[in-house]
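Please read the structure below before turning to the comments.
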Amino acid sequence: MTIPILVSIINHSQDTLALALSCFITFFCGTVMITLTKQYRHEELMYREAFMTVTLTWITVAFFGCLPYIFTGSVNSFTDAFFESMSGFTTTGSSIFVDVESLPAGLLFWRSMTQWIGGMGIIVFVLAVLPIMGIGGMQLFKAEVPEISVDKLRPRIIDTAKALWIIYIGITGIIIFLYYIAGMDLYDAFCHAFTTISTGGFSTKNASIAHFKNPALEYISCFGMFLGGINFALYFYLLKGNYKRLLKNAEFKFYFSVILVTICLLTIDLIPYYPSLSESFRYSIFQVISIMTTTGYATADYLKWSSFSQLTLLIIMFFGGMIGSTAGGLKQVRVYLMIKQISREFYQLVHPKAVLSLKLDDKFLNKELLGSIWGFVFLAIFVCALASIAMTATGLDLITSFSTVISSMNNVGPALGEAGPASNYSSIPAPGKWILIFCMLAGRLEYYTVLIVLTPAFWKR
């Protein structure tokens with residue numbers, strides 16, 4: 001929080017004191033917690049404690065992250081402040097602010113930073129923590145990139161995090177530079193680079209990237225969002241000069257193919273809506289990459305597009321990015337393996353005596369792993385159904401309820417209905433916002449991590 005304070009001072013903003021107070025309270029509480037738990041620091045962390053720690057960490061960070069919104073008087077309730085903060089740290093990008101341009105400079109910078117911090121947090125969580133715990137189908141990560149582990153990428157988790165931070169900061173710096181030379185001022189370049197690589201989608205402008213009316217900035221944004229959707233472990237290999245690792249990676253090829261096919265479909269479908277094919281392509285590529293990577297930037301109101309385009313965008317919300325990326329969603333590798341398994345089942349029906357195995361990058365996958373994928377998908381659908389029913393109980397229409405739940409679970413941001421790309425979440429009732437907060441957290445932490453804490457078996461000795 002000290003960095004937004006400096007930004008506030010440089011811009012002569014009115015939020016310096018509020019940010020300083022938030023910083024002090026956070027620092028004080030953190031110091032107290034460190035002091036009280038010092039004697040337990042070297043104890044081994046068991047699975048049950050790990051689940052609770054991860055879940056409480058995200059909730060606690062979101063709580064302290066909402067203090068600047070409250071102290072600056074930018075929100076009217078704790079619910080709105082916590083919603084905005086959770087949306088930031090989970091890189092969802094849903095917002096309750098009607099006019100973000102009226103917010104002070106320091107607070108807007110903090111708002112963008114929450115997504116940048118959350119983006120790196122989820123990478124470390126997925127690459128260093130979940131594979132050890134072996135939940136939510138995260139054995140997929142071991143199967144896909146077995147050499148990358150806490151033991152082999154670096155000897156300890158803290159060294160793994162350092163390596164990832166270097167890569168993350170480096171890519172962020174590149175995007176800042178590209179935004180700056182393409183026409184953004186330095187402040188906007190920093191804020192948008194933070195929310196681009198984190199696939200978060202918060203902007204300093206009400207119209208998002210569309211505000212700048214600059215095709216170059218839009219294509220740079222597409223490039224940054226695409227990079228954010230790639231498994232960060234693969235960047236480690238690229239730095240070592242192992243380019244074949246990326247090009248031969250099955251999930252990356254599937255990720256690239258889905259984006260390419262979807263762009264082609266939408267470009268053709270949108271020809272009647274724009275004066276030229278290049279314009280149709282420009283808006284198609286931006287919205288496809290933005291939605292697929294669960295960033296949520298907007299350059300067009302896709303609610304005015306055809307039903308085919310809207311439904312296509314809704315479907316690819318589920319796909320998300322690659323495992324080990326800052327993007328949300330089910331993850332590309334899960335969708336890829338489900339398609340391969342369905343294809344194998346069809347073949348088995350025609351050739352019942354055939355002995356078939358499923359492979360990922362020339363590695364055979366066992367039935368337990370495949371079962372965990374379907375279990376994960378069923379759990380996601382089950383949570384989506386219950387949350388959608390709960391949202392309709394708050395008085396919202398079916399389209400708004402269903403699409404906001406899907407958007408929140410997959411950490412996308414914009415939805416359909418009352419929460420479309422040209423709107424925001426300010427009209428959602430308070431109970432509905434808390435439902436969506438839960439969806440954001442559950443989706444970001446791969447469902448099992450949060451939901452297992454709510455089971456009676458978790459609390460038994």
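The values are calculated or read from the model by the stated rules, or taken from the named source; none is laboratory data. Since the structure is predicted, the reported quantities are computational estimates derived from the model, not experimental observations. With ideal geometry, Cβ positions are generated from the backbone for all residues, glycine too; neighbour counts draw on all protein chains shown. Ligands, DNA and RNA are stripped out before the accessible areas are found, and what is left, the full protein with its side chains, is counted by its heavy atoms. Shrake-Rupley method; radii C 1.70, N 1.55, O 1.52, S 1.80 Å.
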Original post:
Is there any pair with a first residue in the range 290-310 that is within 15 Å of Tyr255 (Cα to Cα) and a second that is of a type in the set (D, E, K, R) and surrounded by fewer than 19 Cβ atoms within 10 Å (Cβ to Cβ) whose Cβ atoms are under 6 Å apart and which are 6 or more apart or on different chains, and what are they?
Top reply: none
Original post:
Among the residues of the range 341-354, is there at least one that is over 27 Å from Val377 (Cβ atoms) and either of a type in the set (Asp, Glu) or open to solvent by 40 Å² or more (accessible area, probe 1.4 Å) (or both)?
Top reply: yes
Original post:
Listed residues Leu266, Leu303, Leu260, Leu311; which is at pLDDT 95 or above, over 21 Å from Ser198 (Cα atoms), assigned to a helix (DSSP H, G or I) and open to solvent by 40 Å² or more (accessible area, probe 1.4 Å)?
Top reply: Leu260
Original post:
Are there any pairs, at least 6 apart or on different chains, whose C-beta atoms fall under 7 Å, with the first in the range 339-358 and of a type in the set (S, T, N, Q) and the second open to solvent by less than 80 Å² (accessible area, probe 1.4 Å), and if so, which?
Top reply: Gln341/Leu358; Gln341/Leu370; Gln348/Ala354; Gln348/Leu356
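Conditions tested, residue by residue: (1) at positive phi; (2) open to solvent by 10 Å² or more (accessible area, probe 1.4 Å); (3) modelled with pLDDT of 80 or more.
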| site | (1), (2), (3) |
| --- | --- |
| Gly93 | yes, yes, yes |
| Ile96 | no, yes, yes |
| Ser102 | no, yes, yes |
| Gly106 | no, no, yes |
| Thr114 | no, no, yes |
| Gly118 | no, no, yes |
| Ile132 | no, yes, no |
| Gly136 | yes, no, no |
Original post:
Give me the pairs: first residue in the range 367-379 and within 20 Å of Thr455 (Cβ to Cβ), second residue assigned to a helix (DSSP H, G or I) and of a type in the set (S, T, N, Q), beta-carbon distance under 8 Å, and six or more apart or on different chains, which are they?
Top reply: Ser372/Gln139
Original post:
So which of Ala354, Ala298 is assigned to a loop (DSSP other than H, G, I, E, B), within 25 Å of Asn214 (Cβ to Cβ) and among the hydrophobic types (A, V, I, L, M, F, W, C)?
Top reply: Ala298
Original post:
Of the residues that make up the range 3-16, is at least one surrounded by 13 or more Cβ atoms within 10 Å (Cβ to Cβ) and either farther than 17 Å from Gly106 by Cα or acidic (Asp, Glu) (or both)?
Top reply: yes
**OP:** Can you run down the residue pairs with Cβ atoms below 8 Å, 6 or more apart or on separate chains, where the first is in the range 207-234 and under 15 Å from Lys253 (Cα atoms) and the partner is among the charged types (D, E, K, R) and surrounded by fewer than 22 Cβ atoms within 10 Å (Cβ to Cβ)?
**Re:** Leu234/Arg245
Subject >> Positions within the range 357-407 being outside any helix (DSSP H, G or I), at pLDDT below 90 and among the hydroxyl-bearing types (Ser, Thr, Tyr), in sequence order >> reply: Ser357
**OP:** Tell me which residues, restricted to the range 18-27, are open to solvent by 30 Å² or more (accessible area, probe 1.4 Å) and touching a residue at least 40 places away in the same chain (Cβ under 8 Å).
**Re:** Leu21, Ile25, Thr26
**OP:** State yes or no: is Ile271 among the β-branched types (Val, Ile, Thr) and either modelled with pLDDT of 95 or more or open to solvent by 10 Å² or more (accessible area, probe 1.4 Å) (or both)?
**Re:** yes
Subject >> Given (1) under 13 Å from Ile96 (Cα atoms); (2) open to solvent by less than 40 Å² (accessible area, probe 1.4 Å), index of the condition Ala430 fails >> reply: (2)
**OP:** Would you be able to tell me the number of residues in the range 164-197 that are among the polar types (S, T, N, Q) and at pLDDT below 95?
**Re:** 0
**OP:** Considering each residue of the range 28-69, count those that are open to solvent by less than 80 Å² (accessible area, probe 1.4 Å), touching a residue at least 12 places away in the same chain (Cβ under 8 Å) and of a type outside the set (A, V, I, L, M), and give that number.
**Re:** 9
Subject >> Number of the exception - Arg334 against (1) assigned to a helix (DSSP H, G or I); (2) open to solvent by 30 Å² or more (accessible area, probe 1.4 Å); (3) of a type in the set (Lys, Arg) >> reply: (2)
Original post:
Hey, among the residues in the range 238-257 that are touching a residue at least 40 places away in the same chain (Cβ under 8 Å) and open to solvent by 90 Å² or more (accessible area, probe 1.4 Å), which one's farthest from Met225 (Cα to Cα)?
Top reply: Lys248
